[in-house]
Every structure is written in C-alpha cells, then in structure tokens.
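K.L.:
What follows is a single structure, and I will ask about it in a moment.
Each value in this text was obtained by applying a stated rule to the coordinates, not by laboratory testing. Since we're looking at a predicted model, the values are computed, not measured. Positions of Cβ are backbone-derived with ideal geometry, glycine not excepted, and every protein chain shown enters the neighbour counts.
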C-alpha cells in the first residue's frame with residue numbers, strides 16, 4: 001500500500017518541480033512586441049482543435065453562412081494581402097514566419113445583430129455581417145481583420161490555454177494546502193471565490209493585455225498591407241457610440257475600454273505609419 005501522507009513542504013517541492021518542468025522549455029516571445037509568453041501546449045494540438053471548431057461552425061444548422069459573394073471576395077482579398085505582407089515582413093527581417101503552418105480560410109456569417117469577427121489558431125477567420133455597418137469601407141474592414149489575424153499570429157490562444165492549465169494546477173494545489181477550505185467555502189456559499197479572484201485578478205487583466213497587443217500588431221499588419229490605418233480610430237468611435245451606456249467597467253472585462261483603445265490607437269498610428277510602411281510582397 002502506498003503512503004500518500006506527505007508534508008506540505010514536500011508537496012510544494014513536487015508541484016514546483018512539475019511546474020518548472022512545464023515552464024522552462026515553454027517560454028517564448030510574441031512577434032514584434034517581444035512580450036514574454038508561456039506556451040505549454042503544442043501549437044499543432046491547438047490548431048487541430050481550432051480546425052474542428054471551424055468545421056462545426058460551418059456545418060452548424062444554427063449558423064447561417066452568407067452567400068454574399070462580393071463581400072466574401074473582398075474579405076478574402078484583404079486577408080490575402082495581410083497574409084502575404086506578414087510573411088514578407090518576417091522574411092525581410094530574417095525571422096521565422098509565425099504563419100508558415102497556417103491554412104487560411106474565410107467565411108462570412110449572416111448575422112446583423114453581432115458586430116464581430118474572429119480568427120482561430122491556424123488562420124481560420126469568420127466575419128459577421130453585423131460588423132460591416134461599423135467598418136463602413138475596405139480600410140475599416142482591414143483594420144478589424146488585422147486585429148483578429150494578430151491574435152493568431154501572436155499565438156494568443158495557445159498562451160491562454162497554457163495559462164489556464166497552469167492556473168488549474170495552482171488552484172488545485174491551493175485547495176489541498178488549505179485542507180479543502182476553498183472547496184468547502186464554495187459548497188457552503190455557492191460562490192466560487194477562487195474563480196472570482198482568478199477572473200478579475202488574472203484572466204481579465206491578461207485578456208486586456210492580449211487585446212492591446214492585437215490592436216498594436218493589427219495596425220502594423222494592416223499598414224504593411226497598404227491600408228489606411230487611421231480608419232481604426234473611426235471604427236472604435238463608431239463602436240463606442242453603438243454600445244453607448246452598455247459598456248461594462250474595464251476591470252470586469254477582458255477588453256480595454258473603447259476610450260482607452262481610441263487613445264492608444266491615436267498614439268501608435270504616427271509611429272506605425274513611419275516604421276511599418278507598405279511592404280513589397282514576394
């Protein structure tokens with residue numbers, strides 16, 4: 001029979017060794033910004049999951065794929081311009097292309113109520129028709145797509161999944177060390193205290209950091225592709241007006257406030273226009 005009665009110091013050491021084993025070989029940096037990242041899960045695994053999710057979206061009976069060929073053609077053209085510009089830029093600075101294994105694909109979802117777009121790992125992109133009234137023109141649409149593509153280029157999904165895995169380990173360890181006090185509190189009150197602390201103290205601030213990074217990288221990618229990035233400010237001004245009175249406080253959100261985003265974009269645009277002009281594609 002095994003003896004599971006180990007003291008807390010030994011248990012801490014065990015958890016520390018396991019955690020270090022995950023972290024040490026998994027430190028990386030985001031492209032261009034060079035922000036340090038933690039990537040425990042392999043990109044190939046995340047990309048497979050993203051591909052399966054994308055297929056489910058395309059085949060879902062609850063989601064209507066638009067047959068607006070003109071708009072979809074514009075989306076694909078913008079996407080291709082950004083794809084090629086990103087690859088050409090990293091080639092020009094002799095750095096590995098973070099999109100080398102992407103299998104780009106684009107769909108337009110017919111939903112006027114949703115003002116959104118997203119890009120899954122591996123280059124699987126969806127644009128909702130509802131966002132078109134906000135983007136207004138090609139440069140506006142390129143700004144939105146540049147932002148979403150930036151999430152994929154910077155491997156934000158891998159980073160979030162890796163952090164979630166590590167935080168789950170930490171939460172479990174904390175509950176064990178507290179003698180199950182965290183679990184007992186949750187059962188007695190119905191309040192997930194650890195979950196709330198994690199959401200507002202870790203997940204939301206980290207989400208805002210990624211969104212800000214995607215805003216910045218999105219400007220760069222759109223500029224490299226030859227689009228007028230000044231349109232990004234107008235988009236967020238329109239978004240702010242559209243959600244007037246409905247925007248939740250920043251500390252409760254995974255996204256920066258519209259006001260903060262607008263100011264950041266205004267600060268970055270002059271630098272990006274000079275430092276990242278349209279690039280000659282290969």
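K.L.:
Between residue 241 and residue 274, what is the label-to-label distance in nm when each label sits 7 Å out along the Cα-to-Cβ direction?
P.N.:
Output for this residue pair reads 3.1 nm.
K.L.:
Okay, next question. Please report 149, 235 as a ranked list, fewest other C-beta atoms within 10 angstrom at the top and most at the bottom.
P.N.:
The most exposed by this proxy come first: 235, 149.
K.L.:
Computed over the Cα atoms, what is the radius of gyration of the range 59-165 divided by 2.2 N^0.38 Å, N being its residue count? Before the final figure, lay out the partial values.
P.N.:
Details: Rg = 14.6 Å, N = 107, 2.2 N^0.38 = 13.0 Å.
Against the compact-globule rule of thumb, the ratio is 1.12.
K.L.:
At a 10 angstrom cut-off on C-beta neighbours, averaged per residue, how do the peptides 80-88, 216-224 rank from highest to lowest? Walk me through the intermediate numbers first.
P.N.:
Values: 80-88: 19.9, 216-224: 25.2.
Order by mean packing, descending: 216-224, 80-88.
K.L.:
Which parts of the range 47-65 would a label at residue 165 reach, counting a residue when its backbone N lies under 15 Å from a point 7 Å out along Cα-to-Cβ?
P.N.:
Within reach of a label on residue 165: 47-50.
K.L.:
Please give the peptides 257-268, 58-69 ranked by average Cβ packing (other Cβ atoms within 10 Å per residue), highest first, as a rough proxy for protection.
P.N.:
257-268, 58-69
K.L.:
Evaluated at 4 °C with a viscosity of 1.567 mPa s, what Stokes-Einstein diffusion coefficient in µm²/s does the range 36-95 have when Rh comes from the Kirkwood expression over alpha-carbon pairs?
P.N.:
87
K.L.:
Turning to a different aspect of this structure: Report the full-extension gain for the segment residue 49 to residue 263: residue separation times 0.36 nm, less the Cα-Cα distance, to one decimal in nm.
P.N.:
Here the segment from residue 49 to residue 263 would lengthen by 73.5 nm.
K.L.:
Same structure, new question: Could you check the spin-label model distance between residue 91 and residue 59? Points 7 Å from the Cα along Cα→Cβ, value in nm.
P.N.:
Each label point lies 7 Å from its Cα, and together they span 3.5 nm.
K.L.:
Exposure proxy check: 57, 272, 153 ranked by fewest other beta carbons within 10 Å?
P.N.:
Values: 57 17, 272 21, 153 26.
Fewest-to-most ranking of 57, 272, 153: 57, 272, 153.
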